[in-house]
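The structure under discussion appears below in the form of C-alpha cells.
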Amino acid sequence: MAYADQLFIENCRQIIDHGYWDSDAEVRPRWDDGSPAHSVKSFAIVNRYDLTAEFPILTLRRTNFRAAFDEILWIWQKKSNNVHDLNSHIWDAWADESGSIGKAYGYQLGVKYDYPEGRFDQVDMLRYNLRHNPASRRMVSNIFVHSDLKQMHLYPCAYSFTLNASGNVLNGLLNQRSQDMLVANNWNVVQYALLLQMFADDAGMQAGELVHMIADAHIYDRHVPIVEQLLQRQPLPAPRLLRNGEPRGFYEVDVDSFYLEDYRYHKLEGKIPVAV
C-alpha cells in the first residue's frame, strides 16, 4: 500500500466522521452555479512523509505529476505570477486580462531583501544557507506578506516552507493555512516532495522527510460522495521517483528532470467540480 494513500484515507475519514460542518455559516467559495460551497473540516492535521522510503503520490486516483511539477517550477524557479508562464490553466480563474495573479506566490519569492550575507530573494537565500551554513535554523520562506495581501488575487494557501538539515539529510516543513483535500492535498504533497528534492540536489544532499501541516483541512459538500468512493478502493504500490541523468542545479531542473516508474492508479470517472 502506498503510504500517501494510507494517510489520505485516515485524514478523510477523520474529517468526514468527526469534522465540523460550516453549513450555517456565510462562506466565500462558490460553485459554478453560484451556490455557496460549504465544507466539513478538521483543524491542524500533520502528516509526515519519508522520501527515502517512497514517493508520496496517490494511487487511489491519478495525480498529474507533470502538471504539479510544472506549477511548482512556475512558482519557485521562474518566480512568476503570470499564468502565461504556466503550461496549464489551473490559475486562469484568478488571473486578470494580462494573465497576472497580482503580488502572489512567485512574485513574493522573487522580491530581493538585504540580508547580512548579501542581497537575495527568498529562494536564493535558502540556497546560500544550504551551501554555506547548512546547520542554520533560519532557512524559512514566507509568502503570506500582509502588506501585499490587497494586491493578491488569491491569498497563498501553502505559505511557508522551512528547510532543516541533519548532516547530509535535508528535511522540509510545509505550512498550509487551507487545504481542499480532494483537489489539492496530494497535488501539494507531490510538489513539495519534488521541491525538497531540488533543494537537496542543488546542495549535494539527500532528501529526507517532508512534514505537511494543514491548519484547515476540508472536504467540500459536493466532494464528499467522490471521496467516499475513493476510500472504498484498494491502494496500489507506490511508484519510484527516478532522475533523468545526473542531479541538476536548482535553475537547471525542468519537468523532464524526474519521472515516475511503475505509477499505477485507479481511474476516476467524471470531472471534479472546483469551488472558487
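The values are calculated or read from the model by the stated rules, or taken from the named source; none is laboratory data. Every value quoted in this text rests on a predicted model; they were computed, and no experiment measured them. Quick reminder, even Gly has a Cβ in these numbers, built from the backbone with ideal geometry, and neighbours come from all protein chains shown. The accessibility values were calculated without ligands, DNA or RNA, using every heavy atom of the protein model including side chains. Shrake-Rupley method; radii C 1.70, N 1.55, O 1.52, S 1.80 Å.
Would you mind classifying segment 1-122 by shape? Square roots of the alpha carbon gyration tensor eigenvalues, ordered a ≥ b ≥ c; an a/c under 1.5 is rounded, otherwise it is prolate if a/b is larger than b/c and oblate if not.
Oblate, because a/c is 1.5 or more while a/b does not exceed b/c.
Determine the per residue accessible area of segment 82-124 with all protein chains present and a 1.4 angstrom probe, expressed in square angstrom. Each step should come with its number before you reach the end.
On the way: 2300 Å² over 43 residues.
For segment 82-124, the solvent-accessible area averages 54 Å² per residue.
Accessible area of the chain with a 1.4 Å probe: how many percent of it is carbon plus sulfur?
Working: 6380 of 13320 Å².
Within the chain, the accessible surface is 48 percent carbon and sulfur.
Excluding same-chain pairs closer than 8 in sequence, count the lysine pairs in the chain whose Cα atoms lie under 26 Å apart.
Value for the chain: 11.
Let me know the charge dipole size of segment 86-207 about its Cα centre in debye, to the nearest 20, where only the beta-carbon of Lys, Arg (+1) and Asp, Glu (-1) is charged. All intermediate terms of the calculation are to be shown ahead of the outcome.
On the way: 9 positive and 11 negative charges, 87 e Å.
In total the dipole reaches around 420 debye.
Taking a virtual spin label 7 Å from the Cα of residue 231 along the C-beta vector, which residues in segment 17-52 bring their backbone nitrogen under 11 Å of it?
Of the residues in segment 17-52, 17-19 have backbone N under 11 Å from the label point off residue 231.
Expressed as a rounded percentage, what relative contact order does segment 190-273 have, with Cα pairs under 8 Å and six or more residues apart?
Computed value for segment 190-273: 32 percent relative contact order.
Which value, in debye to the nearest 20, gives the size of the charge dipole of the chain about its Cα centre, when Lys and Arg are +1 and Asp and Glu are -1 at the Cβ? Spell out each step's value before the answer.
Working: 27 positive and 35 negative charges, 77 e Å.
So the dipole magnitude of the chain works out to roughly 380 debye.
At a temperature of 25 °C and a viscosity of 0.890 mPa s, determine how fast the chain diffuses translationally according to Stokes-Einstein, using the Kirkwood radius over alpha-carbon pairs as Rh; express D in µm²/s, rounded to the nearest whole number.
Calculated translational D: 125 µm²/s.
Only helices at least 20 Å long along their own axis, judged from Cα atoms, and with Kyte-Doolittle mean hydropathy of -0.5 or greater: name those in the chain from DSSP H.
3-18, 181-203
Hey, with R₀ at 22 Å, roughly what FRET efficiency would residue 261 and residue 206 work out to, going by the Cβ-Cβ distance, to 0.05?
0.70
Could you give the dipole magnitude of segment 47-119 about its Cα centre, charging the beta-carbon of Lys and Arg +1 and that of Asp and Glu -1, in debye to the nearest 20? Could you put the intermediate results ahead of the total?
Working: 9 positive and 10 negative charges, 26 e Å.
In debye, rounded to 20, segment 47-119 gives about 120.
If the label point is 7 Å along Cα→Cβ of residue 64, which residues in segment 83-109 have backbone nitrogen under 17 Å from it?
Label zone hits: 83-95.
How far apart, in nm, are the 7 Å Cα→Cβ label points at residue 128 and residue 251?
1.4
Report the gain in length on full extension from residue 177 to residue 138: 0.36 nm times residue separation, minus Cα-Cα distance, nm rounded to one decimal.
In short, 12.0 nm is gained.
Would you please give the FRET efficiency between residue 121 and residue 242, computed as 1/(1 + (r/R0)^6) with r the Cβ-Cβ distance and R0 = 30 Å, to the nearest 0.05?
Plugging the Cβ-Cβ distance into 1/(1 + (r/R0)^6) gives 0.50.
Pop out the ³J(HN,Hα) list for segment 235-244 in order, Karplus 6.51 cos²θ - 1.76 cosθ + 1.60 with θ = phi - 60°, rounded to Hz; leave Gly and Pro as x.
Once θ is set to phi - 60°, the couplings for segment 235-244 become x, 9, x, 6, x, 9, 8, 10, 9, 7 Hz.
What Kirkwood hydrodynamic radius, in Å, does segment 170-275 give when the mean of 1/r is taken over all pairs of distinct Cα atoms and then inverted?
When all Cα pairs of segment 170-275 are included, the Kirkwood radius is 16.0 Å.
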